[in-house]
Amino acid sequence: MKISTKGRYALIIMIDLAKNYKNNTYMPLKEISENENISLKYLEKIMMMLNKNDFLDVSRGNNGGYKLKKEPKEYNVGDILRLTEGDMAPISCITNNSFCKNKNNCKTFKFYDGLYDEINNYIDSKTLEDFM
């Protein structure tokens, strides 16, 4: 399992918005892009994904931009990463039962299944508030 730039940037963006949460103002896309050195085009794609999944509040116009819909403590890292990366399984047969016919006799399945649980427990235990 490797987290892509999309997942890393989504988490970074959400942390920026969390730090701005108390101001109750919208952060312009250009400001986020400049703060984090992420191209506007790539940032737009990520923001569309986050907005489509109801993570963000969007305002158009001169004072427009993005802000969190909920308090930072209500967003866990696992939800953000799974949105951008899909499941966090280290091997395919953990989440795809039809992938491996030998799963019941596999010498390593329990190890990877345990790793999957640890990954999910860890990323679900962290919220945006933990980064502030």
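The values are calculated or read from the model by the stated rules, or taken from the named source; none is laboratory data. Treat the numbers as computed from the prediction; the structure is a model and nothing was measured. Virtual Cβ from ideal backbone geometry, glycine too; neighbours counted across all protein chains shown. Only protein heavy atoms, including side chains, enter the accessible area calculation; ligands, DNA and RNA are left aside. Shrake-Rupley method; radii C 1.70, N 1.55, O 1.52, S 1.80 Å.
Applying 1/(1 + (r/R0)^6) with R0 = 30 Å to the Cβ-Cβ distance of K45 and C106, what FRET efficiency is obtained, to the nearest 0.05?
On the way: r = 37 Å, r/R0 = 1.24.
Calculated transfer efficiency: 0.20.
In the distance distribution for region 30-75, Cα-Cα pairs more than 12 Å apart total 66 percent. Summarising the amide proton neighbourhood of M27: residues at separation of 5 or more, or on other chains, whose placed amide H is nearer than 5 Å comprise Y66, K67. With a Förster radius of 25 Å applied to the C-beta separation of K70 and N120, the computed FRET efficiency comes to 0.75. Using only DSSP helix segments of four residues or longer, with each worth -39500 (n - 2.57), what per-residue ellipticity at 222 nm results for the chain after dividing by its residue count and rounding to 500? My calculation for the chain gives -14500 deg cm²/dmol from helical runs alone.
Accessible area per residue of the chain at 1.4 Å probe, in Å²? Numbers along the way, then the final one.
Details: 8440 Å² over 132 residues.
In whole numbers, the chain has 64 Å² accessible per residue.
For the chain, the longest principal axis of the C-alpha atoms and the axis of helix 109-125 are separated by about 20°. With viscosity 0.692 mPa s and temperature 37 °C, the Kirkwood radius over alpha carbon pairs of region 48-101 converts through Stokes-Einstein to a diffusion coefficient of 241 µm²/s. Nonpolar atom fraction for region 63-112, defined as the carbon and sulfur part of the 1.4 Å probe accessible area, stands at 45 percent. Checking the cross-link filter: which lysines have an alpha carbon closer than 28 Å to that of K41, excluding same-chain neighbours under 8 positions apart? The reachable lysines, counting only those whose Cα sits under 28 Å from K41, are K2, K6, K19, K22, K30, K52, K67, K69, K70. GNM remark for the chain: springs join alpha carbons under 10 Å apart, and the peak mean-square fluctuation among T95, T108, T25 falls on T108. Note on the chain: Cα convex hull, mean projected area over all directions, 8.9 nm².
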